[in-house]
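Peer 1: Got a structure here, written out as structure tokens. Questions coming.
The values are calculated or read from the model by the stated rules, or taken from the named source; none is laboratory data. Quick caveat, the model's predicted, so the values are computed rather than measured. A quick note on method: Cβ atoms are made from the backbone with ideal geometry, for glycine too, and the neighbour counts reach across all protein chains shown.
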Amino acid sequence: MRRDESVNGDRKDLERILGGKIEQRANRTAPGVNPVAGVEFIYYEDDGIRPASSQFNELLDCAGEIIASSGGIVSDNCRIALPNGQCFRALSFHGDLDGWRTAVEAGARTMRLRLARIQGRHLMISDGQSVPLSECDVDLG
């Protein structure tokens, strides 16, 4: 058996066990381009100075009491740079979507950060801007 046939067979076995597709690095898209049932993706404004993990932790620390009753929230390596150089970093959450969304929005308000979401092929920013993803630099990390 050839190596690539073995790898494909192993991947199919893992996908069957895990109950879903394993995304190939070469085929990866920005989080939120393809909707995922039960998962929400939000982008928060990157300060361009500190590591993503530090900014993500501060965003949650500034949220106050987090009322999410289930699920979790994770930072993603994806970074989207607008044509003007401003950047946004991805995060996603599952479970209590309203609770996690409320926490992210509260943290962003406290830190005076803009939030963004992908709708269609545009990055929709909370200040009303709509920027085509084709004009952005998307770094999937």
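Yes or no, residue by residue, for (1) on the phi > 0 side of the Ramachandran plot; (2) in contact (Cβ under 8 Å) with a residue 24 or more places away in the chain; (3) part of a loop (DSSP other than H, G, I, E, B):
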{"residue": "Pro35", "(1), (2), (3)": "no, no, yes"}
{"residue": "Ile49", "(1), (2), (3)": "no, no, yes"}
{"residue": "Gly64", "(1), (2), (3)": "yes, yes, yes"}
{"residue": "Val74", "(1), (2), (3)": "no, no, no"}
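Peer 1: Here is a check on your reading of the model: is Arg117 touching a Lys or Arg at 6+ places or on another chain (Cβ under 9 Å), of a type outside the set (A, V, I, L, M, F, W, C) and either assigned to a strand (DSSP E or B) or closer than 20 Å to Cys62 by Cα (or both)?
Peer 2: no
Peer 1: Tell me, which residue of region 1-47 that is in contact with a Cys (Cβ under 6 Å, 6 or more places away or on another chain) and either farther than 17 Å from Val104 by Cβ or acidic (Asp, Glu) (or both) is modelled with the lowest pLDDT?
Peer 2: Ala30
Peer 1: Please tell me if Leu123 is within 13 Å of the chain's Cα centre (by Cα) and of a type outside the set (Gly, Ala, Ser).
Peer 2: Spelling it out, Leu123 is indeed within 13 Å of the chain's Cα centre (by Cα) and of a type outside the set (Gly, Ala, Ser).
Peer 1: Taking interchain pairs and intrachain pairs at least six residues apart, which have beta carbon atoms under 7 angstrom, with the first residue in region 79-106 and under 20 Å from Leu140 (Cα atoms) and the second of a type in the set (D, E, K, R) and not in a strand (DSSP E or B)?
Peer 2: Pro83/Glu135
Peer 1: Inspect region 109-121 for any residue being closer than 30 Å to Arg11 by Cβ and surrounded by 18 or more Cβ atoms within 10 Å (Cβ to Cβ) and give the result as yes or no.
Peer 2: Within region 109-121, one or more residues are closer than 30 Å to Arg11 by Cβ and surrounded by 18 or more Cβ atoms within 10 Å (Cβ to Cβ).
Peer 1: Here is a further query. Any residue at all in region 118-129 that's closer than 21 Å to Gly71 by Cβ and not basic (Lys, Arg)?
Peer 2: Scanning region 118-129, I find at least one residue that is closer than 21 Å to Gly71 by Cβ and not basic (Lys, Arg), so the answer is yes.
Peer 1: Let me ask you something else. Picking from Ala108, Ala90, Ala68, Ala81, which residue would you name as being touching an Asp or Glu at 6+ places or on another chain (Cβ under 6 Å), aliphatic (A, V, I, L, M) and under 20 Å from Gly128 (Cβ atoms)?
Peer 2: None of the other options fit; the residue is Ala81.
Peer 1: Here are some residues: Asp96, Asp127. Which one is modelled with pLDDT of 95 or more, more than 17 Å from Gly48 (Cβ to Cβ) and out of contact with any strand residue (DSSP E or B) (no Cβ under 7 Å at 6 or more places or on another chain)?
Peer 2: After applying the criteria, what remains is Asp127.
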